[in-house]
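Undergrad: So that we are looking at the same thing, I have put the structure below in structure tokens.
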């Protein structure tokens, strides 16, 4: 049986391996093309795909085994993913305790998630933490892999302590 730490590290490793493939929208700004083909489930429309990328990783490592198929379709939206993961037992994580394999949700970033609402926390984006935080130039930063970041799958450093960031740790992660 895989430990929660091993599962978190496997999710992070998968995200990094996907990020180096150069996956981007075609045409740019369309939410369509390779990301839609790789991370969508049958019948989904080409909408923002950050949550679809994260959902694919969670499904690969059986982290969503408890989720019904309908709930899996709902998780194509960052705001709905956040809501459903809480129902499934995910724990909010303070920015001071973020670790590789945690999920970062951003409130108010962009406007491409049609299901984002005040009721759902105004969450518009989700990505995967791919390394533990470190201090660089006086700020806590870590690596993230985000789908639909600049119309592509992006691995980048970003501040951990962003005021609009919410972090979750899924039970098996």
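The values are calculated or read from the model by the stated rules, or taken from the named source; none is laboratory data. Source: prediction; values computed, not measured. Cβ: placed from backbone, ideal geometry, glycine included. Neighbour counts: every protein chain shown.
Undergrad: Pick out, from the stretch 130-173, the strands (runs of 3 or more DSSP E) lying fully within it that include 1 or more residues that are surrounded by fewer than 17 Cβ atoms within 10 Å (Cβ to Cβ), without any contact (Cβ under 8 Å) to a residue 24 or more places away in the chain and touching a strand residue (DSSP E or B) at 6+ places or on another chain (Cβ under 7 Å).
TA: Fully inside the stretch 130-173 and qualifying: 134-136, 139-146, 154-159.
Undergrad: In the stretch 61-90, what residues are at positive phi and modelled with pLDDT of 80 or more?
TA: If we filter the stretch 61-90 for residues that are at positive phi, which is where we start, we get 62, 89.
Residue satisfying the conditions is 89 alone.
Undergrad: Answer with yes or no whether residue 100 is at pLDDT below 95 and more than 12 Å from the chain's Cα centre (by Cα). Even if it seems obvious, please write down each step before you answer.
TA: Numbers: at pLDDT below 95: no; more than 12 Å from the chain's Cα centre (by Cα): yes.
Answer is no for this residue.
Undergrad: Related question: Can you find, within the stretch 1-42, the residue that is nearest to residue 81 (Cα to Cα) among those that are in contact with a helix residue (DSSP H, G or I) (Cβ under 8 Å, 6 or more places away or on another chain) and surrounded by fewer than 17 Cβ atoms within 10 Å (Cβ to Cβ)?
TA: The residue in question is 41.
Undergrad: Let me ask something else about it. Identify all residues within the stretch 44-57 that are assigned to a loop (DSSP other than H, G, I, E, B) and either free of Cβ contacts under 8 Å to residues at least 12 places away in the same chain or crowded, with 18+ Cβ neighbours inside 10 Å (or both); write none if there are none.
TA: Correct list: 45, 47, 48, 49.
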